[in-house]
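Let me begin by presenting the structure, written as structure tokens, before commenting on it.
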Amino acid sequence: MQIGYEHFVINLYKHNLALALPLTILGIKMVVRTVAREPAKDIFRSILTMPLDFVYIAIGLLLTGIARRLPNFAAHYQSDKEADFAGAILLLGLIFGAVVITWLDRRLRLFWQKFYAAWNLVKTSKQMTLPGQENVVSRTTAMTLMWMTLYWAIMIPILFAEILIALKALGSIVRLL
């Protein structure tokens, strides 16, 4: 009997839920925003909020486990009291992770706004270039490009830290379920 692609996808989800769930939500979010004709800037901004969404998904899954709707959670512990205590500790850890991601996201948005303003400044300065002066890069433009590079050099590690925290939170909860 040949396994169809549906079974392959279902098995992939079963064995890699911590990765498949966020990627599916990201895909659905992009489709919805594209169909709704969101500006590209807003679509990019929604990608930056995905790590916090992952932590909220982990919190929802944890609460489902604490409510005993997913019996595998309580099976990891010797008693219901121990499972409830572990769930409370995990919930506090997830809330702490959400706070850290929110704090990092605030910094990320600040650097993104600075980058976007610098980008518009560079585009405006290129439009105001005199004929014959296209190859001359002004000192201001060079400094602006340097700042843009610095903003990206700061934004990328912040975004990776957010993603790392979110995937660790979601993965640890999914392993318990």
Can you tell me which condition Ile43 does not meet? The list is (1) farther than 15 Å from Gly171 by Cα; (2) at pLDDT 80 or above; (3) in contact with a Ser or Thr (Cβ under 8 Å, 6 or more places away or on another chain), and all the others hold. (2)
Considering only the stretch 102-113, I want to know if a residue exists there that is basic (Lys, Arg), under 15 Å from Ile173 (Cα atoms) and either exposed (fewer than 14 other Cβ atoms within 10 Å of the Cβ) or in contact with a Lys or Arg (Cβ under 9 Å, 6 or more places away or on another chain) (or both). no
Let me spell it out: the conditions are (1) under 26 Å from Leu110 (Cα atoms); (2) touching a helix residue (DSSP H, G or I) at 6+ places or on another chain (Cβ under 9 Å); (3) surrounded by 11 or more Cβ atoms within 10 Å (Cβ to Cβ), and Ile66 meets all of them except one. Which number is the exception? (1)
Does Ala117 satisfy the criteria of being part of a helix (DSSP H, G or I), at pLDDT 85 or above and surrounded by 15 or more Cβ atoms within 10 Å (Cβ to Cβ)? no
Look through Thr129, Thr141 and report the one residue that is assigned to a loop (DSSP other than H, G, I, E, B), surrounded by 12 or more Cβ atoms within 10 Å (Cβ to Cβ), over 28 Å from the mean Cα position of the chain (by Cα) and at pLDDT below 90. Thr129
Options Leu91, Leu150: the member that is among the hydrophobic types (A, V, I, L, M, F, W, C), touching a Leu at 6+ places or on another chain (Cβ under 9 Å), surrounded by 12 or more Cβ atoms within 10 Å (Cβ to Cβ) and at pLDDT 85 or above: Leu91
Of everything in the stretch 69-86 that's under 27 Å from Ile101 (Cβ atoms) and charged (D, E, K, R), which residue is surrounded by the fewest Cβ atoms within 10 Å (Cβ to Cβ)? Arg69
Could we say that Arg33 is basic (Lys, Arg), surrounded by 12 or more Cβ atoms within 10 Å (Cβ to Cβ) and without any contact (Cβ under 8 Å) to a residue 40 or more places away in the chain here? yes
List every residue pair whose Cβ atoms lie under 6 Å apart, where the two residues are 6 or more positions apart in sequence or sit on different chains, the first residue falls within the stretch 161-177 and is touching a residue at least 60 places away in the same chain (Cβ under 8 Å) and within 13 Å of Leu63 (Cα to Cα), and the second residue, located anywhere, is among the polar types (S, T, N, Q) and part of a helix (DSSP H, G or I). Leu177/Asn72
I'd like to know if the stretch 45-59 contains one or more residues that are over 22 Å from Leu177 (Cα atoms), surrounded by 13 or more Cβ atoms within 10 Å (Cβ to Cβ), touching a residue at least 60 places away in the same chain (Cβ under 8 Å) and not aliphatic (A, V, I, L, M). yes
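The values are calculated or read from the model by the stated rules, or taken from the named source; none is laboratory data. Keep in mind that what you see is a predicted model, and the values were worked out from it rather than measured. Neighbour counts run over all protein chains shown; Cβ positions are idealised from the backbone, glycine included.
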